[in-house]
Amino acid sequence: MATYIIRRFFLMILTLIGMSILIFVMLRLVPGNISDILFDAAGMVNEADKARLEAELGLDKPIIVQYWTWISGLMTGDLGYAYVSEKPALDEILPRIPVTAKLALLALIFSVLIGVPLGVISAVKQDSILDYSLRVFSLSGLSLPSFWLALLILMAFVHYFGWIPIYTDKPASIWHEIGLLSIPALAVGFRASALIMRLTRSSMLEVLRQDYIRTARAKGASTASVNYNHALRNAVLPVITIIGIEAAFLIGGLIVTETVFNIPGVARFLVEAIRWRDYPIVQNLVMFIAVVTVVVNFLVDMAYVLLDPRIKYDD
Amino acid sequence: MTSTNAATAPAANPKAATPAEGALLTVQDLTTYFFTRQGLVKAVDGVSFELQRGETLAIVGESGCGKSITALSLMRLVPDPPGRILDKSRIVLDGVDVMKLDESAMRKVRGNDISMIFQEPMTSLNPVMTVGDQIAEVLLLHQGMTKAEATAKAVDMLRLVKIPTPEQRVREYPHQLSGGMRQRVMIAIAVACNPKVLIADEPTTALDVTIQAQILDLIVELQKKLGTAVILITHDLGVVAEAAQRVIVMYAGRKVEEASVEDLFGASLHPYTRGLLASIPRLDLIRGAEDTSPGRLQEIPGIVPALHDLPKGCAFAPRCTYADERCKAEYPAYEEKRPGHWAACWKSEIVAGGTNG
């Protein structure tokens, strides 16, 4: 187990190094840098001014040197300065993370709380009206884009309540904050909940056919005990994997949702930064998302050990 | 139509229709149908039998003859839909009409009064629960024990089924045990509540030959120790000879013969039973290759008929060397041909004239 974790840790480092190269190269493959955008927007092209700006930002240096500057800075916690705001990138990114983190966590909690029970119900009541309705519900969750759903929710609020939950960074209480965040979280989590529901359903149907379910019934266990103690504990294993993958996808869903609900989180900030080719912000933020994804997937693999006694990571 | 036969077959068996005194389990006209897209599948069609206290009754037949569905019907565990036990079926366990119990009362019977060992020890245990918890579960459900008492009893049960180092095994998961060990655990679960009836559905089929005998011996030994009546479902006549006192032979969802083990092996009255007996490999047959006997293992020609499309007359007629027009047209009555020896065959006297195997 210990050797596995150590090996896994080195693999994570390798993955992140690969990710950093990819992020860096891809970002520079996108046409134009901040000086192009600034000078195009201004409508004037003074080659000398442009060259001076590029020199000032270090964009004239060879790409290897630029990469090294970034990575060596990253090692010492120096993320460089944002091009647009000219503030330290860390100061720009750090305060925005909690907002997005809360939103993502809430969305994930919602998607699990909605997806798993509905998936179980759908499987247990297979081919009933309830099952069909839930399957339509989940199909809609998979096909509705979250920004559209978010807009619909906003329109519904305006129409029925004449009021929209407006984000404030100074909520009155934790409940106020959860209330504010839960609507965008639902809009984002709906897709994940639909996916989790479908997976839980098919996984449950698979498990309910197993011999050990018949054994549990033959013991005289109640239907609820058979479904939850025996079936769900086995059926939830593939669902855990999806939850890990969805955690990364949520960030993508948050980009539009933060925009629609006007929430000053990381995701919306990222889109803004991409538009300005604000390299220090974009590459550090994407790197941060990569770290989160890698860590979450590591935690998912560790969760398997707790949930499935057949899995042992020893060599 | 076979449905009329289903009605006449048990009627022709008045002895089985009236519960004898002292019978632990009385099954009358047990009929389990599956309503499938291919049509009506008569998996169990009017089966009646009795089980005495402490007795071992074997139910024998090929795959798909309805043995396992008979067992599941006794537990009322037939998947519904598509399956259903018809209302005319009667299952009386120790004076209690099991068919009339509601689901929650039935749950108190399952695992407590009737319990079952399944064919597949590799897949019949929950992979994410410890062996101890799975044994303790029945005790918690039926015996009103505390968690600690149930766990302590689980260790005793593992010791009873001769699992070495039970204190350690009780905390292990099924994947850490071999097939034979898992079947021992299944037996421990089944006998934990000291049931009146233990149904063993092909308990040794999936096991290694060397383990088969051990498991069978264990079942026989536990039965003697606990006084449990056993219904042993198998296709292996060797198992029957070793463990059972009485045998029921099933074919295509119906009982075709019933006798004591001695009578059945000595002078079976149904050509199907003859075929089963002849298809057991025997050393003297193999050695007899130089003598007059052909030395080849006999087989029953043809296959088991599809249960949704049974022939009009005797279901075995298409495969039977004795069959004539009457066999193909009319289902034979189930009659007591010899004292305590029942068979459903028009030709049983001719069959009896031949020699076994």
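Structure notes:
- In segment B:151-235, counting only helices (runs of 4 or more DSSP H) that sit wholly within it, the ones holding 2 or more residues that are under 26 Å from B:GLY95 (Cα atoms), within 24 Å of the chain's Cα centre (by Cα) and among the basic types (Lys, Arg) span B:209-226.
- Qualifying residue in segment A:241-258 (condition: at pLDDT 85 or above, surrounded by fewer than 20 Cβ atoms within 10 Å (Cβ to Cβ) and in contact with a helix residue (DSSP H, G or I) (Cβ under 7 Å, 6 or more places away or on another chain)): yes
- Note on segment A:69-101: among residues that are outside the structural domain of A:ILE255 (by TED's automatic domain parsing) and polar (S, T, N, Q), the one that is modelled with the lowest pLDDT is A:SER85.
- Single residue of segment B:134-150 satisfying the filter (part of a helix (DSSP H, G or I) and not hydrophobic (A, V, I, L, M, F, W, C)) that is surrounded by the fewest Cβ atoms within 10 Å (Cβ to Cβ): B:LYS147
- Scanning segment B:110-133 for residues being assigned to a strand (DSSP E or B) and facing another protein chain (nearest Cβ under 7 Å) gives a total of 3.
- Condition met for A:VAL282 (closer than 29 Å to A:LYS87 by Cβ, part of a helix (DSSP H, G or I), of a type in the set (A, V, I, L, M) and away from every other protein chain (no Cβ under 14 Å)): yes
- Subset tally (residues that are more than 8 Å from every other protein chain (Cβ to nearest Cβ) and modelled with pLDDT of 90 or more) for segment B:135-145: 4
- Residue list for segment B:47-98, filter: more than 13 Å from the chain's Cα centre (by Cα), within 17 Å of B:ASP113 (Cα to Cα) and small (Gly, Ala, Ser): B:GLY54, B:GLY95
- Of all the numbered requirements in (1) closer than 18 Å to A:VAL124 by Cα; (2) more than 10 Å from chain B (Cβ to nearest Cβ); (3) not in a helix (DSSP H, G or I), A:TYR167 misses one, and that requirement is (1).
- Every pair of residues 6+ apart whose Cβ atoms lie under 6 Å, when the first sits in segment B:67-80 and is away from chain A (no Cβ under 11 Å) while the second is part of a loop (DSSP other than H, G, I, E, B): B:LYS67/B:GLY61
- Scanning segment B:112-133 for residues that are hydroxyl-bearing (Ser, Thr, Tyr) and crowded, with 24+ Cβ neighbours inside 10 Å yields B:SER115, B:SER124.
- Residues that are at pLDDT 85 or above and among the small types (Gly, Ala, Ser) were ranked within segment B:176-212; the one that is farthest from B:LYS108 (Cα to Cα) is B:SER178.
- Qualifying residue in segment B:39-50 (condition: modelled with pLDDT of 85 or more, among the aromatic types (Phe, Trp, Tyr) and within 17 Å of B:ALA229 (Cβ to Cβ)): yes
- When A:ALA187, A:ALA216, A:ALA172 are checked against the criterion of being in a helix (DSSP H, G or I), of a type in the set (Gly, Ala, Ser) and more than 10 Å from every other protein chain (Cβ to nearest Cβ), A:ALA187 stands alone in meeting it.
- Considered as a group, the residues in segment B:241-295 that are β-branched (Val, Ile, Thr) and surrounded by fewer than 24 Cβ atoms within 10 Å (Cβ to Cβ) include one that is modelled with the lowest pLDDT, and that residue is B:THR292.
- Hits in segment B:309-325 - residues which are surrounded by fewer than 15 Cβ atoms within 10 Å (Cβ to Cβ) and either modelled with pLDDT under 80 or outside any helix (DSSP H, G or I) (or both): B:ASP309, B:LYS312, B:THR321, B:ASP324
- Condition check for B:ARG107: within 12 Å of chain A (Cβ to nearest Cβ), without any contact (Cβ under 8 Å) to a residue 60 or more places away in the chain, under 30 Å from B:GLN52 (Cβ atoms) and not in a loop (DSSP other than H, G, I, E, B): yes
Residues are listed down the side, and each one gets a yes or a no for (1) in contact (Cβ under 8 Å) with a residue 24 or more places away in the chain; (2) under 13 Å from the mean Cα position of the chain (by Cα); (3) within 14 Å of another protein chain (Cβ to nearest Cβ):
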{"position": "A:HIS230", "(1), (2), (3)": "no, no, yes"}
{"position": "A:PHE249", "(1), (2), (3)": "yes, yes, no"}
{"position": "A:ILE255", "(1), (2), (3)": "no, yes, no"}
{"position": "A:VAL266", "(1), (2), (3)": "yes, yes, no"}
{"position": "A:VAL286", "(1), (2), (3)": "yes, yes, no"}
{"position": "A:VAL295", "(1), (2), (3)": "yes, yes, no"}
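- Residues of segment B:151-178 classified as acidic (Asp, Glu) and crowded, with 16+ Cβ neighbours inside 10 Å, total: 1
- Matching option when the condition is in contact with a helix residue (DSSP H, G or I) (Cβ under 7 Å, 6 or more places away or on another chain) and of a type in the set (A, V, I, L, M), among B:ALA343, B:ALA329, B:ALA317: B:ALA317
- Spans of helices (runs of 4 or more DSSP H) in segment A:6-120 with at least 3 residues more than 30 Å from A:ILE166 (Cβ to Cβ) and in contact with a helix residue (DSSP H, G or I) (Cβ under 8 Å, 6 or more places away or on another chain): A:34-42, A:47-57, A:63-75
- Only one of the listed residues (B:ARG84, B:ARG90) is modelled with pLDDT under 90 and touching a Phe, Trp or Tyr at 6+ places or on another chain (Cβ under 8 Å). That residue is B:ARG84.
The values are calculated or read from the model by the stated rules, or taken from the named source; none is laboratory data. All values derive from a computational prediction rather than experimental measurement. A quick note on method: Cβ atoms are made from the backbone with ideal geometry, for glycine too, and the neighbour counts reach across all protein chains shown.
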